[in-house]
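Note sheet for the following structure.
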Amino acid sequence: MPVNDDVFAALANPARREVLSILLDGPRAAGEIAERFDMRRPSLSEHLRVLREAGLVREERQGRNRVYSLEAAPLQEVSDWLSPYERYWRGKLANLRDLLDEEEL
């Protein structure tokens, strides 16, 4: 199953990757997330919107607050997509290790 391009676009931005890292510890209110960044609230809101639209976070209203939670399923899709490339590079590194071991003999 191909990965949605919106997921890659969302992950391309370091601020959005940092938001995902913050949410690894559990749900956070938008204000709590904002405290971790040196940017204006509208900018953070835009990052959260992109993450939400990519399916990487879920937004829940709790009274006046918006609470965001990590949705990891799209990240598993990225991992699955990257898996053949990881095997490729592991093979290349194993070949290099073998070559270096032969030169030591």
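What is the one condition in (1) part of a helix (DSSP H, G or I); (2) closer than 30 Å to residue 45 by Cα; (3) open to solvent by 90 Å² or more (accessible area, probe 1.4 Å) that residue 89 does not satisfy?
(2) is the only condition that residue 89 fails.
Listed here are the residues, each with its yes/no results for (1) under 18 Å from residue 6 (Cα atoms); (2) touching a residue at least 12 places away in the same chain (Cβ under 8 Å); (3) among the β-branched types (Val, Ile, Thr); (4) touching a Phe, Trp or Tyr at 6+ places or on another chain (Cβ under 7 Å).
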| site | (1), (2), (3), (4) |
| --- | --- |
| 76 | yes, no, no, no |
| 81 | yes, yes, no, no |
| 85 | no, no, no, no |
| 98 | no, no, no, no |
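So residue 59 fits all but one of (1) among the acidic types (Asp, Glu); (2) touching a residue at least 24 places away in the same chain (Cβ under 8 Å); (3) touching a strand residue (DSSP E or B) at 6+ places or on another chain (Cβ under 7 Å); what number is the exception?
In the conditions (1) among the acidic types (Asp, Glu); (2) touching a residue at least 24 places away in the same chain (Cβ under 8 Å); (3) touching a strand residue (DSSP E or B) at 6+ places or on another chain (Cβ under 7 Å), residue 59 misses (2) alone.
Inside the range 23-55, can you point out the residues that are closer than 23 Å to residue 3 by Cα and either hydrophobic (A, V, I, L, M, F, W, C) or open to solvent by 70 Å² or more (accessible area, probe 1.4 Å) (or both)?
Once the filter is applied, which keeps residues that are closer than 23 Å to residue 3 by Cα and either hydrophobic (A, V, I, L, M, F, W, C) or open to solvent by 70 Å² or more (accessible area, probe 1.4 Å) (or both), the range 23-55 yields 23, 24, 46, 48, 49, 50, 51, 52, 53, 54.
Output the residue which, of all residues in the range 18-46 that are over 17 Å from residue 61 (Cα atoms) and assigned to a loop (DSSP other than H, G, I, E, B), is farthest from the chain's Cα centre (by Cα).
40
Residues of the range 6-17 being open to solvent by 40 Å² or more (accessible area, probe 1.4 Å), under 16 Å from residue 58 (Cα atoms) and under 10 Å from the mean Cα position of the chain (by Cα), which ones?
17
Which residue pairs have Cβ atoms under 8 Å apart, sit 6 or more places apart or on different chains, and have a first residue in the range 23-52 that is of a type in the set (Phe, Trp, Tyr) and a second that is surrounded by 12 or more Cβ atoms within 10 Å (Cβ to Cβ)?
Taking only residues 6 or more apart or on different chains, the pairs are 37/15; 37/18; 37/44.
The values are calculated or read from the model by the stated rules, or taken from the named source; none is laboratory data. None of the values given here were measured: they were computed from a predicted structure. Neighbour counts run over all protein chains shown; Cβ positions are idealised from the backbone, glycine included. Ligands, DNA and RNA are excluded from the accessible area calculation, which covers all protein heavy atoms including side chains. Shrake-Rupley method; radii C 1.70, N 1.55, O 1.52, S 1.80 Å.
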